[in-house]
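Below is one structure; the comments refer to it alone.
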Amino acid sequence: MQVIKDAKHFSSSILVGVIVASVRSIVVLRLLGPALIGAWKTALLVDTAGECARAGVLRGMSICVPVLAGQGNQKEADRTSAAAAAFLFWLGLFFFVGIFVASFFVPDPNIRISLRFLAFAVGLSEVYFYLREVPATRRQFVMRSKEELIRSVIDCAAAIALCKFLGLYGLGIATCGSLVATAVFLWRSQKVPFQLRIDRSRLSGLMRQGIPFAITEASYELLRRTDVLAIALFAGPIAVGYYGVSILIMDFAMVLSKKGVSQLVSPHLLKEFGRTGSLADVTIFYEIPVRLFCYVLPPLLGAGTFLIDGFVRALLPQYIAGIGAAQLTLWSIFFVALHFSINSFFAAANMIPKIIRLSAVAIAISAAGQFAVMRAGFGIEGAAWCALATSASWACVELVVARMACGNSAGETAGFVASIYLPFAVCVALRALVGAVPLITAPPTEPVLRAGLLLLFYVPVFIGYEMKFSMLRTVRQSL
């Protein structure tokens, strides 16, 4: 399948980009210090306004354009893209002028400097995000892979070099420079539909499609952050700090899953739906990653729960109190991957309103559970347990809703969900078993040995699933 070939390039570039960005963040933190970083992060809050002001137009474009292309209506797809381009161009110009003028009224000199750089960065970002979304809607993921690597490398190298000599000015130049370089690359590498005239009718259509989907994304963000909110309210900022390793793990999982899975699957699924109009025909686009993740991810995550202890003790000793919570949070990566494999299906199935209603219920239940756990004194590990249960339950709900939408019976749906969750349950049991076995070995090698034993005991399950579903064979043949 083409989606698997695209994954070979795009997912690997996303992973490299995340690693490079992590290195950049650590070095910049050390070079600038808390005062300058605090000023930059404070000014960076203006970027949130930019995200809200897009009013779902970019998300609507990512939904509508692949469907129109699948229907063979490429001219209308280009007109729709051009309408989004005009809106984002004028929005970017508005933010550039507004933020730059506002900077003159800020008394803190460091925040004032940051705002002036961010005026340009936020303004350009509106056009940059459009240029980046165009190849995604066309399934040109090789270009997206190159763009991701170019931006990450330039931003990292420039930030490290310039921050050392120019401080906050260096960070601003690096941020703006990396955006300019990648925007120019994207502009010159493709034929971009563009216009300056605002097309109100098409914009309203994009907003109708995009805003509800954006709400579902915001709901999932809120659902996964109820643990941090509860810890902050009941245990205070120091406890949130100890929980920082868990937050980092979830942020890492979100970036990889959202960019490397959802943005990859979505245009393929939506274009095929536009071509066939059949939900049953597009289920394969989410079933393949879900099936693959279900028996490949759990053993790796289980092994990781043994290894993360030594990692934190060696590199982040001040966060030792958060190791238990981090071990639990690792398991949640599996359910995050399931969510981002399936979320674009709901756009094709016109089920976004239903997902929004279910999300509201899930958020209320999760918040109640988190508050009860914290009030009972279970601390950050209790919050991590509750977050894991929430992630597992929500992924189950999404799988059930998707299967029922395709006409599957309750029995067929239950069987499908059970087959997805079984390897995870086996790995949790194996983790408990291997963790309880006494080993006579030196402390540095004990976690590695336990991780190896878990993987060894899991082999029969892996072989059984591969013989039945042949996911790895499918991936290998597609490459």
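Check whether at least one residue in the stretch 237-251 is within 13 Å of the chain's Cα centre (by Cα), surrounded by fewer than 21 Cβ atoms within 10 Å (Cβ to Cβ) and within 18 Å of ILE365 (Cα to Cα), and report yes or no.
No.
Before we move on, is GLY324 assigned to a helix (DSSP H, G or I) and at pLDDT below 80?
So GLY324 fails the test.
Taking the options LEU88, LEU93, name whichever one is in contact with a Phe, Trp or Tyr (Cβ under 6 Å, 6 or more places away or on another chain) and closer than 28 Å to ARG202 by Cα.
None of the other options fit; the residue is LEU88.
Residues are listed down the side, and each one gets a yes or a no for (1) on the phi < 0 side of the Ramachandran plot; (2) of a type in the set (Val, Ile, Thr); (3) touching a residue at least 12 places away in the same chain (Cβ under 8 Å):
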{"position": "ALA429", "(1), (2), (3)": "yes, no, no"}
{"position": "PRO444", "(1), (2), (3)": "yes, no, yes"}
{"position": "LEU449", "(1), (2), (3)": "yes, no, no"}
{"position": "LEU456", "(1), (2), (3)": "yes, no, no"}
{"position": "ILE463", "(1), (2), (3)": "yes, yes, no"}
{"position": "LYS468", "(1), (2), (3)": "yes, no, no"}
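Within the stretch 196-236, restricting attention to residues that are among the β-branched types (Val, Ile, Thr) and within 29 Å of SER341 (Cβ to Cβ), which residue is surrounded by the most Cβ atoms within 10 Å (Cβ to Cβ)?
ILE231
In contact with a Leu (Cβ under 7 Å, 6 or more places away or on another chain) and under 30 Å from GLN209 (Cα atoms) - does that describe any residue in the stretch 306-320?
First pass over the stretch 306-320, keeping only residues in contact with a Leu (Cβ under 7 Å, 6 or more places away or on another chain): 308.
After this cut, where a residue has to be under 30 Å from GLN209 (Cα atoms) as well, the list is none.
No - not one qualifying residue is present in the stretch 306-320.
For the stretch 407-425, give me the residue count where each residue is under 11 Å from CYS294 (Cα atoms) and not small (Gly, Ala, Ser).
Applying the first criterion (under 11 Å from CYS294 (Cα atoms)) to the stretch 407-425 yields 417-425.
From what's left, not small (Gly, Ala, Ser): 417, 420-424.
Final tally of qualifying residues: 6.
Is it the case that PHE105 is surrounded by fewer than 20 Cβ atoms within 10 Å (Cβ to Cβ), in the same structural domain as PHE194 (by TED's automatic domain parsing), in contact (Cβ under 8 Å) with a residue 40 or more places away in the chain and more than 24 Å from the chain's Cα centre (by Cα)?
For PHE105, the condition - surrounded by fewer than 20 Cβ atoms within 10 Å (Cβ to Cβ), in the same structural domain as PHE194 (by TED's automatic domain parsing), in contact (Cβ under 8 Å) with a residue 40 or more places away in the chain and more than 24 Å from the chain's Cα centre (by Cα) - is not met.
Can you tell me which condition ALA321 does not meet? The list is (1) touching a Phe, Trp or Tyr at 6+ places or on another chain (Cβ under 6 Å); (2) buried (at least 23 other Cβ atoms within 10 Å of the Cβ), and all the others hold.
Single failed check for ALA321: (2).
Conditions tested, residue by residue: (1) buried (at least 16 other Cβ atoms within 10 Å of the Cβ); (2) at pLDDT below 85; (3) in the same structural domain as LYS271 (by TED's automatic domain parsing).
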position	(1), (2), (3)
LEU31	yes, yes, no
LYS41	no, yes, no
VAL46	yes, yes, no
ILE63	yes, yes, no
LEU93	no, no, no
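Does any residue in the stretch 321-348 that is closer than 20 Å to ARG59 by Cα come within less than 6 Å, Cβ to Cβ, of a residue that is in a helix (DSSP H, G or I) and charged (D, E, K, R) six or more places away or on a different chain, and which pairs are these?
PHE340/LYS258; ILE342/GLU398
Taking ILE238, is it in a helix (DSSP H, G or I) and touching a residue at least 12 places away in the same chain (Cβ under 8 Å)?
no
What residue, of LEU206, LEU162, LEU186, LEU179, is farther than 30 Å from SER332 by Cβ, in contact with a Leu (Cβ under 9 Å, 6 or more places away or on another chain), in a helix (DSSP H, G or I) and touching a residue at least 60 places away in the same chain (Cβ under 8 Å)?
Every option except LEU206 fails the conditions.
Considering ALA372, ALA362, ALA387, ALA383, which residue is over 27 Å from PHE293 (Cα atoms), part of a helix (DSSP H, G or I) and of a type outside the set (D, E, K, R)?
Testing whether each residue is over 27 Å from PHE293 (Cα atoms), part of a helix (DSSP H, G or I) and of a type outside the set (D, E, K, R) leaves just ALA372.
Report whether or not TYR130 is closer than 24 Å to ASN73 by Cα, touching a residue at least 12 places away in the same chain (Cβ under 8 Å) and part of a helix (DSSP H, G or I).
Here the answer is yes, as TYR130 does meet what is asked.
Residue-by-condition table, conditions (1) more than 28 Å from GLU217 (Cβ to Cβ); (2) modelled with pLDDT of 95 or more; (3) surrounded by fewer than 20 Cβ atoms within 10 Å (Cβ to Cβ); (4) not polar (S, T, N, Q):
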{"residue": "GLY377", "(1), (2), (3), (4)": "yes, no, yes, yes"}
{"residue": "ILE380", "(1), (2), (3), (4)": "no, no, no, yes"}
{"residue": "THR390", "(1), (2), (3), (4)": "no, yes, no, no"}
{"residue": "CYS406", "(1), (2), (3), (4)": "no, no, yes, yes"}
{"residue": "SER409", "(1), (2), (3), (4)": "yes, no, yes, no"}
{"residue": "ALA425", "(1), (2), (3), (4)": "yes, yes, yes, yes"}
{"residue": "ALA436", "(1), (2), (3), (4)": "yes, no, yes, yes"}
{"residue": "THR441", "(1), (2), (3), (4)": "yes, no, yes, no"}
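Would you mind stating whether PRO237 is under 25 Å from VAL428 (Cα atoms) and either of a type outside the set (A, V, I, L, M, F, W, C) or modelled with pLDDT under 85 (or both)?
So PRO237 fails the test.
Taking the residues in the stretch 443-479 that are β-branched (Val, Ile, Thr) and farther than 27 Å from GLU287 by Cβ as candidates, determine which candidate is modelled with the highest pLDDT.
Here is the first cut: in the stretch 443-479, the residues β-branched (Val, Ile, Thr) are 445, 448, 459, 461, 463, 474-475.
Of the ones still in play, those that are also farther than 27 Å from GLU287 by Cβ are 445, 448.
Values: THR445: 85, VAL448: 91.
The residue in question is VAL448.
Could you tell me whether the stretch 50-59 includes any residue that is out of contact with any Ser or Thr (no Cβ under 6 Å at 6 or more places or on another chain), assigned to a helix (DSSP H, G or I), within 30 Å of LEU292 (Cβ to Cβ) and at pLDDT 70 or above?
yes
What about ARG431, is it closer than 27 Å to TYR242 by Cα, among the basic types (Lys, Arg), at pLDDT 90 or above and surrounded by fewer than 18 Cβ atoms within 10 Å (Cβ to Cβ)?
no
Can you pull out every residue in the stretch 269-282 that is part of a helix (DSSP H, G or I), surrounded by fewer than 21 Cβ atoms within 10 Å (Cβ to Cβ) and not basic (Lys, Arg)?
The answer is GLU272, THR276, LEU279, ALA280, ASP281.
Which residue, of ALA119, ALA174, ALA230, ALA157, is touching an Asp or Glu at 6+ places or on another chain (Cβ under 7 Å) and farther than 30 Å from ALA77 by Cα?
Details: ALA119 fails: touching an Asp or Glu at 6+ places or on another chain (Cβ under 7 Å); ALA230 fails: touching an Asp or Glu at 6+ places or on another chain (Cβ under 7 Å); ALA157 fails: touching an Asp or Glu at 6+ places or on another chain (Cβ under 7 Å).
The unique qualifying residue is ALA174.
The values are calculated or read from the model by the stated rules, or taken from the named source; none is laboratory data. If you're wondering where the values come from, they're calculated on a predicted model, not measured in any experiment. Positions of Cβ are backbone-derived with ideal geometry, glycine not excepted, and every protein chain shown enters the neighbour counts.
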